[in-house]
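Remarks on the structure that follows.
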Amino acid sequence: MRLYRKIFFPFVPVYYSVTCLRNKLYDLNVKSSVSYDFPVICVGNLSVGGTGKTPMIEYLIRFLKDEYSVATLSRGYKRKTKGFQLADMNASAATLGDEPFQFYNKFKDTIKVAVDEKRVNGIKQLRALANPPEIILLDDAFQHRKVRAGFNILLTTFSELFTKDFVLPAGNLREPRKGARRADVIVVTKCPENITDTVKRNILEEIKPGAHQTVFFSTIQYAGKVESEKESLSVESLPAFTLVTGIAKPKPLVQYLKDKGLKFDHLNFKDHHAFSEQDVEDFANRDLIITTEKDYMRLKQYAVLKNKLFYLPIHATIDNASNFNQLIKNFVGQKN
């Protein structure tokens, strides 16, 4: 345990008690939640940041969008707007937040993308549209108990299982571990591609899923090319470059690029970093910039980076995907 965690450990009982009480009040219906008669699927986690929520939302979009009208609803973290915002051709990372803008930039008019810090109001506004979505995907709303999603997907990373963590401020958990009981599905994300059945069994024993829960294992797959709005370059043949990351956990990406034998400098910023003019000026003096798709959403507005800025696409693959997909289909079918 890191030193700072030891220092803050005495405060854990306070945070634990407050979050437990809050959840208990919702469980007993003392604090009210809103339920819906149409499919609302929540993707979230117990820990702060970096569990792979964005690739999971995109997985669900790809799976559902051809058969149903789909909307995503996010808080819009670090956006410069307030209240309900529906993405349109004037949308940007500033108006939506980087992750929702990524959804809109990638899927455009095939889905609706909205943000609202008050999810109940966001859902109300989406359903009031002339062509309301049939399915709403809630991004990072596992602790937003005012909405009672019909199906909850809880993510936890392979390298940092929630079962081995502590609540804030000593650990990274937003609420106690027992909050995982609310999940219908638990997905262990960012697993190594060569994960063995023995390791999976050990993780299942560690998580101890309830009878109502199914555990899946997923892996992040990196594309073979880096992309910009004008061209793509093969990862294998990249010259020396600068890697810019403003995500919670860049280590897997860094390791992937090292394993490819690529030469690069790494400029590592905090998650959702607001890039300054000085940052951009520094980037402009470099020959080639590779970044994540989320960071690209915030950087692509700068003309000085236009011919040197690329992102590396990723997507999630799920072990036993047919079973996972069937659970989603069953839930959606029950609600339609």
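The values are calculated or read from the model by the stated rules, or taken from the named source; none is laboratory data. Bear in mind that the values here come from a model prediction, so they are computed numbers and not experimental data. Neighbour counts run over all protein chains shown; Cβ positions are idealised from the backbone, glycine included. Side chains included, ligands, DNA and RNA excluded: accessible areas come from the protein's heavy atoms. Shrake-Rupley method; radii C 1.70, N 1.55, O 1.52, S 1.80 Å.
Looking at segment 307-318, is at least one residue in contact (Cβ under 8 Å) with a residue 40 or more places away in the chain, in contact with a Lys or Arg (Cβ under 8 Å, 6 or more places away or on another chain) and among the small types (Gly, Ala, Ser)? No; the residues of segment 307-318 include none that is in contact (Cβ under 8 Å) with a residue 40 or more places away in the chain, in contact with a Lys or Arg (Cβ under 8 Å, 6 or more places away or on another chain) and among the small types (Gly, Ala, Ser).
Among all residues of segment 271-281, there is at least one that is more than 23 Å from Pro192 (Cβ to Cβ), exposed (fewer than 14 other Cβ atoms within 10 Å of the Cβ) and among the hydroxyl-bearing types (Ser, Thr, Tyr). Of all the criteria given as (1) modelled with pLDDT under 95; (2) in contact with a strand residue (DSSP E or B) (Cβ under 9 Å, 6 or more places away or on another chain); (3) open to solvent by less than 30 Å² (accessible area, probe 1.4 Å), the one not satisfied by Leu243 is (1). Of all the listed residues (Arg201, Arg145), the sole one being open to solvent by 20 Å² or more (accessible area, probe 1.4 Å), out of contact with any His (no Cβ under 6 Å at 6 or more places or on another chain) and in contact (Cβ under 8 Å) with a residue 24 or more places away in the chain is Arg145. Taken residue by residue, segment 212-221 has at least one member that is surrounded by 15 or more Cβ atoms within 10 Å (Cβ to Cβ), of a type in the set (S, T, N, Q) and free of Cβ contacts under 8 Å to residues at least 40 places away in the same chain. Take the conditions open to solvent by 60 Å² or more (accessible area, probe 1.4 Å), among the polar types (S, T, N, Q), free of Cβ contacts under 8 Å to residues at least 40 places away in the same chain and outside any strand (DSSP E or B) and apply them to Asn323. Does it pass? No, not satisfied.
Residues checked against (1) within 20 Å of the chain's Cα centre (by Cα); (2) open to solvent by less than 70 Å² (accessible area, probe 1.4 Å); (3) farther than 18 Å from Asn172 by Cβ:
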residue: Pro10; (1), (2), (3): no, no, no
residue: Val14; (1), (2), (3): no, no, no
residue: Lys24; (1), (2), (3): no, no, yes
residue: Ser47; (1), (2), (3): yes, yes, no
residue: Pro55; (1), (2), (3): yes, yes, yes
residue: Lys65; (1), (2), (3): yes, yes, yes
residue: Gly83; (1), (2), (3): no, yes, yes
residue: Leu96; (1), (2), (3): yes, yes, yes
residue: Phe101; (1), (2), (3): yes, yes, yes
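Once segment 67-81 is narrowed to residues that are more than 19 Å from Gly150 (Cα to Cα) and among the hydroxyl-bearing types (Ser, Thr, Tyr), the residue that is surrounded by the fewest Cβ atoms within 10 Å (Cβ to Cβ) is Thr81.
Scanning segment 108-128 for residues that are open to solvent by less than 20 Å² (accessible area, probe 1.4 Å) and hydrophobic (A, V, I, L, M, F, W, C) turns up Ile111, Val113, Ala114, Val115, Ile123, Leu126.
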